[in-house]
Amino acid sequence: MTKFCSLYSGSSGNSIFIGNKKTKILIDAGMSFKKISEALLSIGENVHDLNAVLITHEHSDHAKGIRVLYKKLGIPIYANEKTWDSLQPEALKIGTNDICYFNTEEGFEIGDMWIKPFLIPHDAAEPVGFCIHIGDKKVTTATDIGHMTRKLLDNFLKSDLLFLESNHDVEMLKVGRYPWFLKQRILGENGHLSNEMAGKVIAWMAEQGTKRFYLGHLSSENNFPELAYQTVCNALGEKSICAGADVLLDVALRDRVGKVVEL
């Protein structure tokens, strides 16, 4: 049995736990060591049992907890070369042997997990999502997405669980208090994915057979969980698919541990 749980998800910090008896990893460490430790304890896990951390990209809400986490645990940290260059590992005081490089679009193993990082359009050095294969199960995580592509959808296919960004409601963003340059960034080709687009992707994925979905990286200013959930439900309904009956849909929250999914 493999456990999946969003510990935190949002612009204030992101971290996802995936683990079984043999292998336990984090995707991103964008919160403090204390918060990550407490979140893990709340789902029956111990931070000292982690085998590795995977970093999607260098932005602080995904990577600001790396230095202290490494200092406390001394475990391998995985990222691609361009992300490591942006993170400046010497400043983080990470030991040479624990700086692990992966090549985007090439699979690698950690314990009994086979992991494929894939490129995501976002304004970072070389941001990625991950397909994680554990036995016959596939978990895919993809946030900080400026726009959808056919290649992204190909990576999503045959997922047992898809964790997908549902960052903002377009109309809330347009009339909100963010400055114009920031609105342009979020709406741009390398910004963030809207509720509406997340709904279209999830409806299409449900038609392809995926049954478990998680909405993540919600904006605190331009979205709220009920709106993101309902927008995706509406998109599913247009395809005669019912959330809660035909598929399972949950929302990852920014300030608390999400629902644990067992695969």
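Of all residue pairs spaced 6 or more apart or on separate chains, those with beta-carbon atoms under 7 Å, a first member in the stretch 102-118 that is over 15 Å from N80 (Cα atoms) and without any contact (Cβ under 8 Å) to a residue 40 or more places away in the chain and a second member that is not in a strand (DSSP E or B) and not polar (S, T, N, Q) are W114/G107. Within the stretch 29-45, residues that are touching a residue at least 12 places away in the same chain (Cβ under 8 Å) and closer than 14 Å to A63 by Cβ have Cβ atoms under 8 Å from residues that are assigned to a helix (DSSP H, G or I) and of a type in the set (G, A, S) in these pairs: A29/A63; G30/S60; G30/A63; M31/A39, counting only partners at least 6 apart in sequence or on another chain.
Residues checked against (1) in a strand (DSSP E or B); (2) in contact with a strand residue (DSSP E or B) (Cβ under 7 Å, 6 or more places away or on another chain):
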| position | (1), (2) |
| --- | --- |
| L7 | yes, yes |
| G13 | no, no |
| I16 | yes, yes |
| M31 | no, yes |
| L40 | no, yes |
| E45 | no, yes |
| H48 | no, no |
| D61 | no, no |
| Y78 | yes, yes |
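Of the helices (runs of 4 or more DSSP H) lying entirely inside the stretch 157-263, those containing at least 1 residues that are within 20 Å of H59 (Cα to Cα) span 180-187.
Looking across L69, L40, L50, one residue alone is crowded, with 21+ Cβ neighbours inside 10 Å, hydrophobic (A, V, I, L, M, F, W, C), under 27 Å from F156 (Cα atoms) and touching a Phe, Trp or Tyr at 6+ places or on another chain (Cβ under 8 Å). It is L40.
Any residue at all in the stretch 149-163 that is in contact with an Asp or Glu (Cβ under 9 Å, 6 or more places away or on another chain), in contact (Cβ under 8 Å) with a residue 12 or more places away in the chain and buried (at least 20 other Cβ atoms within 10 Å of the Cβ)? Taking every residue of the stretch 149-163 in turn, none turns out to be in contact with an Asp or Glu (Cβ under 9 Å, 6 or more places away or on another chain), in contact (Cβ under 8 Å) with a residue 12 or more places away in the chain and buried (at least 20 other Cβ atoms within 10 Å of the Cβ). Answer yes or no: is there a residue in the stretch 166-182 that is within 27 Å of I43 (Cα to Cα) and touching a residue at least 12 places away in the same chain (Cβ under 8 Å). There is at least one residue in the stretch 166-182 that is within 27 Å of I43 (Cα to Cα) and touching a residue at least 12 places away in the same chain (Cβ under 8 Å).
Here is a yes/no grid of residues against (1) β-branched (V, I, T); (2) over 15 Å from D28 (Cβ atoms):
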position: K93; (1), (2): no, yes
position: F102; (1), (2): no, no
position: E109; (1), (2): no, yes
position: M113; (1), (2): no, yes
position: K116; (1), (2): no, yes
position: L119; (1), (2): no, yes
position: A124; (1), (2): no, no
position: V128; (1), (2): yes, no
position: I132; (1), (2): yes, no
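Listed by first and then second residue, the pairs linking a residue in the stretch 12-23 that is within 14 Å of I115 (Cβ to Cβ) and touching a residue at least 60 places away in the same chain (Cβ under 8 Å) to a residue that is buried (at least 19 other Cβ atoms within 10 Å of the Cβ) and basic (K, R), with Cβ atoms under 8 Å apart and 6 or more places separating them unless they lie on different chains, are I18/K24.
Does A63 satisfy the condition of being free of Cβ contacts under 8 Å to residues at least 40 places away in the same chain, among the aliphatic types (A, V, I, L, M) and surrounded by 21 or more Cβ atoms within 10 Å (Cβ to Cβ)? Taking the combined requirement at face value, the residue satisfies it. For the stretch 117-125, the criterion of being buried (at least 23 other Cβ atoms within 10 Å of the Cβ), of a type in the set (A, V, I, L, M, F, W, C), within 28 Å of N222 (Cβ to Cβ) and out of contact with any Cys (no Cβ under 6 Å at 6 or more places or on another chain) is satisfied by at least one residue. Which one is surrounded by the fewest Cβ atoms within 10 Å (Cβ to Cβ) among residues in the stretch 166-196 that are under 12 Å from G146 (Cα atoms) and among the charged types (D, E, K, R)? Among those that are under 12 Å from G146 (Cα atoms) and among the charged types (D, E, K, R), it is E189. One residue stands out among those in the stretch 204-231 that are of a type in the set (A, V, I, L, M, F, W, C) and over 15 Å from I145 (Cβ atoms): the one that is surrounded by the fewest Cβ atoms within 10 Å (Cβ to Cβ), which is F224.
Every read-out reported here was derived from the displayed coordinates using simple, explicitly stated rules and does not represent laboratory data. Since this is a predicted model, take the numbers as computed values, not measurements. Every residue, glycine as well, gets a Cβ built from its backbone with ideal geometry; the counts of neighbours run over all protein chains shown.
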